[in-house]
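Encoded as structure tokens, the structure appears first; notes follow it.
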Amino acid sequence: MDFMLSNFCEEECGRVFNPSRQPSGRSSSALLARQRLVSELIESSDAENRLPPEMELGNIEYKAKLVSPSVSRLEHLITQMKWRLSEGMGEAIYELGVEDDGRMVGMCDEEYDESMRTLRTMADALQADIVECTEREVREASDDESGETERRRVAEVLIRRVPESQPFVESRLAVLGGADVGKSTLCGVLTHQQLDDGNGKTRMNQFRHPHEVLTGKTSSVCQDMIAFDSKGKILNYSATSVSEMVEQATKVVHLLDLAGDAKYLKTTIYGLSAYGPHAVCLIVSATSGPTTITREHLGLAVALSLPVFVVITKRDAVSKERLRSVMDAVARLLGRAGLRGGVVRVRRKREAVRAASVLLSSGGAVPLLCVSSVTGEGMKALRCLLNALPPSTAMMGHRKDELLRLPLLFTVEETYQVPHVGEVACGVLAEGSLRMRDRVMVGPSKEGKWRIATVAGVRRAKVPVLSVEPGQAVSLSLLPADNVDEPLGLRRGMVLQCELAPRSACTRFVAQLMLLSHEGTTITSGFEAIFFIGSVRQLARVEKVEGTTLRTGEWATVELRFPYSCEFVRRGTPLIFRQGKTRGIGDVVEVIEE
């Protein structure tokens with residue numbers, strides 16, 4: 001059964017891709033207007049010489065030129081860059097040679113050189129680095145009667161400043177797609193900088209279990225990472241160890257390689273819901289094109305309002321005509337899923353930085369790349385795109401200082417029992433701050449109980465650290481502080497809070513649900529399904545439905561109950577539910593206290 005939204009009206013698609021889940025501070029009307037403009041520009045012949053208008057918020061700044069600024073003007077420009085860097089959580093993109101309305105006027109060679117010198121002066125004043133600099137030519141008609149065009153250049157510059165409180169900025173990228181499309185192979189090529197032999201040799205580095213090696217299919221959430229230094233050079237396992245990689249890195253991208261086989265769909269949904277990726281890389285094979293699993297995975301990303309870009313693999317195995325046909329099919333699929341901003345084709349490094357900014361600010365335009373893991377075609381552009389991916393909290397749409405002021409909330413995604421260490425919880429710090437030796441409250445257990453624990457150790461990207469900030473994924477070694485002889489009993493779905501926080505354990509909640517597909521036509525009281533709510537994956541039973549029934553393609557308010565255990569659930573959390581061929585999405589609107 002298809003998990004796509006194409007069977008429903010356009011208004012329902014718009015409701016699934018909820019503007020209210022977009023970055024805070026940017027009004028939904030402004031985002032939608034920008035999305036329409038991007039779509040018009042992509043369809044128009046003038047698209048190559050125009051960008052969407054500059055937005056006051058965000059980390060993208062347009063400058064027609066930066067020539068010989070006065071002292072006061074330079075101070076203003078430095079302050080402006082500091083603001084853009086803070087908006088992008090340490091990263092900013094400068095478009096030089098572009099007016100505020102998005103028109104590319106370009107710069108002559110003298111203006112270009114002077115503007116770049118000024119930009120370097122601004123970056124040096126803030127101890128920031130120019131990581132990527134790509135340029136392109138635009139032609140402008142000459143003022144004389146010769147009719148000749150003048151050569152002018154536009155520069156796109158990625159600037160990065162690592163905050164003093166953390167060694168690097170990070171992004172989490174979920175890699176989705178059907179089985180046998182080359183997801184694990186592509187991840188292996190990126191992490192080891194070694195081309196594939198055409199038989200999936202590089203994917204062996206990604207597998208976690210023996211049966212994955214035997215079948216060649218991912219069945220779990222395989223995690224790996226690549227890093228970039230201050231000059232944009234990729235750091236991976238080909239030449240450095242993990243500790244050296246992290247020490248040299250100013251940017252780390254965590255790759256979440258998720259299962260593509262339909263029988264592991266629950267694991268894939270949990271990876272998307274619990275691990276909190278900031279963007280999705282949807283893999284499509286050039287030999288098979290979009291499949292049912294491709295559509296289902298795209299529907300999951302849209303339901304969770306995750307930015308998406310598409311990578312077409314196995315470019316070397318098909319003709320140009322076949323590749324063009326697959327790209328057309330992908331564009332139609334994206335339109336049916338409600339992503340109507342169009343497709344931004346990325347062929348070269350100079351287009352990758354702009355494509356990364358499109359992910360954050362255009363509200364629907366989808367970058368598309370064509371690569372080959374055998375020949376290496378398109379890999380440079382893909383690496384540049386990953387380097388320019390917006391940092392974690394920028395993707396989440398929150399300012400770090402706002403999240404730091406909130407009470408502690410750490411979500412547990414995975415748990416381990418490590419010899420000579422004890423219980424280890426892996427997850428993401430959603431709000432507040434956490435330091436080594438802090439006392440925290442851990443829970444709820446299945447019975448709704450909470451325990452007091454001490455943070456005995458913290459590791460980020462496999463390297464010991466002393467503190468954690470919002471948006472960072474870490475592993476915590478926890479020791480019981482209230483009863484040292486009794487284990488904490490960590491499990492997925494638990495959270496860490498400060499000692500004085502209310503001890504909330506939810507068994508009943510109300511959600512706004514939309515039924516996408518069902519074997520019958522309606523759902524009534526008594527129906528049970530697996531609900532994915534953040535890091536919670538639990539069976540819930542329908543207690544009451546507004547209007548008595550939930551029909552396919554309609555929204556309804558539903559009261560639900562966890563019959564077997566207590567869980568931590570927060571209002572406003574998006575959710576996905578499934579049972580057999582039944583699929584649905586929604587949001588938690590109320591937690592019923594008991």
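The values are calculated or read from the model by the stated rules, or taken from the named source; none is laboratory data. Since we're looking at a predicted model, the values are computed, not measured. Heads up, the Cβs are rebuilt from the backbone with ideal geometry, glycines too, and the neighbour counts pull from every protein chain shown. Calculation scope for accessible area: heavy atoms of the full protein, side chains included, ligands and nucleic acids excluded. Shrake-Rupley method; radii C 1.70, N 1.55, O 1.52, S 1.80 Å.
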I need the shape label for region 167-386. Rule: rounded when a/c is under 1.5, else prolate if a/b > b/c, else oblate, with a, b, c from the alpha carbon gyration tensor. rounded
Tilt of helix 28-43 relative to the longest C-alpha principal axis of the chain, in degrees (0 to 90, nearest 10)? 50
Å³ per residue enclosed by the Cα convex hull of the chain: 161
Quick one: if the Förster radius is 25 Å, what FRET efficiency do residue 109 and residue 73 give, using the C-beta to C-beta distance and rounding to 0.05? 0.65
Among 510, 352, 386, which residue has its Cα furthest toward the positive end of the charge dipole of the chain, with +1 on Lys/Arg Cβ and -1 on Asp/Glu Cβ? 510
Which whole-number percent of Cα pairs in region 457-557 have a distance greater than 20 Å? 59
Looking at 118, 67, 213, which one has the Cα that reaches farthest to the positive end of the dipole of the chain (charges on Cβ: Lys, Arg +1; Asp, Glu -1)? 213
Once you charge only the Cβ atoms, +1 for Lys and Arg and -1 for Asp and Glu, what is the size of the charge dipole of the chain about its Cα centre, to the nearest 20 debye? 1540
Beta carbons within 10 angstrom, averaged per residue: use that to sort the peptides 528-539, 176-187, highest first. 176-187, 528-539
Kirkwood-based Rg to Rh ratio, region 301-341, C-alpha trace: 1.05
So with the 1.4 Å probe, I'd like the accessible area per residue for the chain, rounded to whole Å². 42
With r defined as the distance between the Cβ atoms of residue 483 and residue 437 and R0 fixed at 25 Å, what FRET efficiency is calculated, to the nearest 0.05? 0.85
Mind checking the dipole of region 167-386: about its Cα centre, +1 per Lys or Arg Cβ, -1 per Asp or Glu Cβ, Debye to the nearest 20? 740
In straight Cα distance, which lysines are under 28 Å from residue 349, not counting same-chain residues fewer than 8 positions off? 63, 65, 82, 183, 201, 231, 233, 251, 314, 320, 380
Would you calculate a helix-derived [θ] at 222 nm for the chain, using -39,500 (n - 2.57) for each DSSP H run of n ≥ 4 and dividing by the full residue count, to the nearest 500? -7500 deg cm²/dmol
Distance (nanometres) between label positions extended 7 Å along Cα→Cβ at residue 151 and residue 418: 5.7
Rounded to a whole number, what is D in µm²/s for region 506-590 from Stokes-Einstein with the Kirkwood radius over alpha-carbon pairs (37 °C, 0.692 mPa s)? 265
In nm, to one decimal, how far is the modelled label at residue 220 from the one at residue 594, with both set 7 Å along Cα→Cβ? 3.4
